[in-house]
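Scroll down for the structure; my scribbles are underneath it.
The values are calculated or read from the model by the stated rules, or taken from the named source; none is laboratory data. Nothing here was measured: the structure is a model prediction, and the numbers come from that model. So basically every Cβ, Gly included, is an ideal-geometry build from the backbone, and we count neighbours across all protein chains shown. The area values use the complete protein model at the heavy-atom level, side chains included, leaving out ligands, DNA and RNA. Shrake-Rupley method; radii C 1.70, N 1.55, O 1.52, S 1.80 Å.
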Amino acid sequence: AVVTPAFLIILFIVTILKKALHNPYVQAVLHGIEPCIIGIIFATGATMMIENLVLDFNNFSIDVIALIITVVLLTLSALYKEIRKKPFSPIMLLMTAAVLGVFLY
């Protein structure tokens with residue numbers, strides 16, 4: 001097997017990160033940026049949802065099919081969490097959204 005330079009670089013970085021992750025300062029930084037990352041992911045999702053739901057911002061027309069898919073996904077996610085006591089898998093959520101999109105569009 002041929003060892004590529006990229007593989008060696010990744011192996012080197014992983015070795016350094018293993019040692020660095022036990023450092024209390026690194027742990028504090030990671031703990032501090034966690035809310036920022038959650039906020040960025042939430043803002044991106046909200047922006048994508050609004051841009052897909054609203055067809056025309058000037059006349060404010062809503063894509064009814066996208067609204068139906070959004071409501072179904074939010075309801076399914078909430079019911080699953082209530083019944084199974086664990087969150088709905090993001091992969092299953094994406095697959096459900098894809099199937100609904102194929103059938104409704």
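Laid out as a table, the results:
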| item | result |
| --- | --- |
| Alpha carbon Rg of the chain, scaled by the compact-globule rule 2.2 N^0.38 Å | 1.61 |
| Residue (of Leu11, Ala43, Ala97) at the positive-pole extreme of the chain, dipole from beta-carbon charges | Leu11 |
| Residues whose placed amide H lies under 5 Å from that of Asp63, excluding near-sequence neighbours | Val54, Leu55 |
| Per residue accessible area of the chain, 1.4 Å probe, in Å² | 85 |
| Axial C-alpha extent at least 24 Å, average Kyte-Doolittle at least -0.5 - helices from the chain (DSSP) | 24-53, 64-84 |
| The chain, helix-only ellipticity at 222 nm - DSSP H runs n ≥ 4, -39,500 (n - 2.57), divided by all residues, nearest 500 | -27000 deg cm²/dmol |
| Accessible carbon and sulfur surface of the chain relative to its total accessible area, %, 1.4 Å | 77 |
| Aspartates and glutamates with Cα under 17 Å of Lys18, excluding same-chain neighbours fewer than 8 positions away | none |
| Alpha-carbon Rg with Dmax, taken over the stretch 24-64, Å | 16.8, 53 |
